[in-house]
Amino acid sequence: MSGDDSGNGEAGTGNRTVSDGWVAGARSRTATSGIAENVLFEYLLRLADDRLVLGHRLSEWCGHAPILEEDIAVANIALDLIGQASALLKLAGDVEGKGRSDDALAYFRDAIEFRNAQLVELPNGDFATTIVRQFLFDAWDVLVLERLTASSNATLAGIAAKALKEAKYHLRHSAEWVRMLGDGTTESHQRAQRALDDLWPYTTELFLTDDVDRAVAANGAGTDAEGLRPAWRQTVDRVFGEATLTIPKDGFTPRGGRTGRHTEHLGRMLADMQSLARAHPGASW
Amino acid sequence: MTDESALSTAAPGGGSIETQWDLWEVFTQEGAGAPHEHAGSVHATTAEHAMQNARDVYARRGKVVSLWVVPTASIVASAPSEAGPLFDPGNDKAYRHPQFYKTPRGVRGL
Amino acid sequence: MTDQNPAASRPAASPVASPADVAKVAEFEARIERGESIEPKDWMPDRYRKQLVRMMSQHAHSEIVGMLPEGNWITRAPSLRRKMVLLAKVQDEAGHGLYIYCGTETLGVGREELVDQLLTGKAKYSSIFNYPTLTWADIGVIGWFVDGAAIVNQTMLAKASFGPYARAMVRICKEENFHKKQGYESVATLASGTPEQRAMVQDAVNRWWWPSLMMFGPSDKDSPNSAELIRWRVKRDTNDTLRQRFVDLTVPQARAVNLTLPDPDLRYNDETEHWEFGDIDWKEFQEVISGNGPCNRERLAARRKAHDDGAWVREAAEAYAAKRQAADAA
């Protein structure tokens, strides 16, 4: 099998689960020497890119948060997520076996090669949008990481164990803020409800399953998030209930991030994030 | 000086005075068995909120194993003007200090 | 007599100084002379309290405004490590502002009022943060020069006579060393990097050197507050002494990485063992602190926007807490 980036190699992992023609047929642009490695590489990129993109979005708040204490809190979460992303990208590069560092993967892939869920690439919006997005992610993240602490890949298990402690704290913070905003003032309630209405559709993607998920779940390296949905619903239903917020009905369900089909927001975000590194390829910083 | 004294900390709820939330004092313990020491203050609303803020501001460098947060308004402090009557009599009562007592040498457990 | 609510009611508990309180002032100054710490509830001359509120709040404002020029490059940081280091540094600055605001609050002024003074332009903050960060190299140079200058200042302030200020400074000094180190490390990396990186960092040095020297403030003969502050051990060294200390530390550091400082008059004096330097353009300094620096308007506009946009959030937290209190009481 050749390490062929043109998409012609047979190691692609097309998404064949849904009747969504737009997503079907997407292939990994990086074939590696073995199917298992390729699948693990894909899976690690998904985990890493979620954190890199979300961490980056949160870092945009620095210096602009509603109060000093929150500047510090949001920076904390951003730092944790970017740190996790770096560790996961390093592991991904090792698994890929082509010598790509975490920075090479972070700064020199195009949007179409990113594997984050669309939820995390959306613009921050107001503080309510940021908090609701964070809570929806954190509630999912804790469940995923709990499973990954038992990964058959020892490095991934170690990363997950550390990240789980961080994620539990993130969840504590975002859940409390969901309550404060949902059950605060009329204005904060309206903003939080609007945020929930706008973001809810993007949560479906967190639980979609394809061949990559099934493969890593089967060999124990990763987990299939579909089975986590009930536990996730328990947490989010409880907290939104305490916050007097109403969960919208399921309807429109955007998807595609896991195979590189993103919203237009990601390209713009990466243009900002990657511009300097790309202006000086090969330089050390 | 009276200008500043008229404008004290947070007024409750929204209203026309913009608030930066109530003031809380933070105490950190840096290891099991160590005393809790005053680290500084944070602004927060509920106790849970204060705990999180205190952790982010004073415990993010990881040397802390326990945190106390107390509303500043709950702290009762001695006034400097009473320091004499409150503390000096204790200073000159040597019998409260172990060094006052002469004990036979070589006796253990004292 | 005990005091409830020490922070909010401290000024009411402490008597206001009057000209007749000569004995009180003498005892106060004797305490300072003995090297004692003045704590918030101790008697202090009205002027001491005012000076400290001014100094501390200016310092806190500087930390907060200082988040903006550096924050400008977080999203474009060119490596994950640099991204995290910069984010952690800016986060620390928020924390430093917070420590010092809390220290100022012990003197009986609420943070709302302090924030209001900054946003309405009534309060000053360090001139240096009114300059733009034009390239990534500016970030390293700021860590090296600006944090370096701050360390010189703060090391002195860690022995200030006012307890809460000194304690905040001790905490800050511990954290600040990482800031300067990572800045200099970045500068060294750029200086030994590609030709473009070397040009970038030399250009940043050329733009930040003189404003950094101005950070220490005018010569003490032109600084009205200095003498009193030194007598009261709030400052322990003159502006000129601190500036000279900074220059002496920094010149060898520049040479070590083959960067030149934009001062043709810089020369080592073997007798005094100091680096002599050229004249500072104090007209530029005056312009910048009067609001006419390159970024003054943007900095304040950004802070005002964050504050205004955040009002509903702060109110929501308050409202939620009030509801919980009512529920608990019921």
task = Could you let me know the centre-to-centre spacing of region A:186-208 and region C:125-141, using Cα atoms, in angstrom?
result = 38 Å
query = Mind checking the mean number of beta-carbon atoms from other chains within 10 Å of the Cβ atoms in C:299-310?
reply = 3
remark   = Highest GNM mean-square fluctuation among C:314, C:207, C:76, for chain C with Cα springs under 10 Å, belongs to C:314
key: Degrees, to the nearest 10: C:46-71 long Cα axis against longest axis of chain C   = 40 degrees
task = Could you list which residues have their amide H under 5 Å from that of residue C:38, counting only those 5 or more apart in sequence or on another chain, with H placed in the peptide plane?
result = C:162, C:163
Rounded if a/c under 1.5, otherwise prolate or oblate - chain C, Cα gyration tensor axes = oblate
ask   = If the cut-off is 23 Å between C-alpha atoms, which lysines fall inside it for residue A:162, apart from same-chain ones fewer than 8 positions away?
value = A:90, B:63, C:83, C:89
message = Given the DSSP H assignment, sum -39500 (n - 2.57) over each helix run of at least 4 residues in the protein assembly as shown and divide by its residue total; what's the result at 222 nm in deg cm²/dmol, nearest 500?
response = -18000 deg cm²/dmol
key: Nearest 10 degrees, 0 to 90: helix A:127-148 Cα axis against chain A principal axis   = 50 degrees
query = For chain C, modelled as a GNM with alpha-carbon contacts under 10 angstrom, which of C:131, C:184, C:268 fluctuates the most?
reply = C:268
note = Looking only at lysines whose Cα falls under 19 Å of residue C:305's and that sit 8 or more positions away or on another chain, we get C:122, C:124
note = Taking Cα atoms, the helix C:311-329 axis meets the longest principal axis of chain C at an angle in degrees (rounded to 10) of 40 degrees
inquiry  = Suppose we take every Cα in region A:33-279 and form the convex hull; what volume per residue is that in Å³?
reply    = 115 Å³
ask   = How high is the relative contact order of chain A, in percent, with contacts defined as C-alpha pairs under 8 Å that are six or more residues apart?
value = 22 percent
ask   = Non-local amide H neighbours of residue B:22 (under 5 Å, H modeled in plane, Pro and chain starts lacking H): which ones?
value = B:44
message = Ordering B:74, B:66, C:212 by accessible area with a probe of 1.4 Å, largest first, what comes out?
response = B:74, B:66, C:212
ask   = From the phi of every residue in region C:206-218, what ³J(HN,Hα) in whole Hz does the Karplus formula 6.51 cos²θ - 1.76 cosθ + 1.60 yield, where θ is phi - 60° and glycine or proline is x?
value = 4, 7, 9, 4, 5, x, 5, 5, 5, 3, 6, x, x
inquiry  = With +1 assigned to the C-beta of every Lys and Arg and -1 to the C-beta of every Asp and Glu, and no other charges, what is the dipole magnitude of the protein assembly as shown about the Cα centre in debye, to the nearest 20?
reply    = 1320 debye
task = Determine the distance separating the Cα centre of region C:41-96 from the Cα centre of region C:158-173; give it in Å without decimals.
result = 15 Å
query = Under a GNM of chain C (C-alpha, springs under 10 Å), which listed residue has the highest mean-square fluctuation: C:311, C:191, C:227?
reply = C:311
ask   = Where does the protein assembly as shown land on Rg/Rh, using Cα atoms and the Kirkwood Rh?
value = 1.01
task = Please work out the C-alpha center-to-center distance from region A:74-102 to region C:174-212 and express it in whole Å.
result = 26 Å
key: Loop-located GluC sites (Glu not before Pro) in region C:221-330 whose Cβ has at most 10 other Cβ within 10 Å (DSSP)   = C:271, C:273
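The values are calculated or read from the model by the stated rules, or taken from the named source; none is laboratory data. All figures in this text were calculated on a predicted structure; none of them were measured in a lab. Ideal geometry is used to build each Cβ from the backbone, glycine not excepted, and the neighbour counts take in all protein chains shown. Each accessible area value is taken on the protein alone, full model and side chains, heavy atoms only, with ligands, DNA and RNA left out. Shrake-Rupley method; radii C 1.70, N 1.55, O 1.52, S 1.80 Å.
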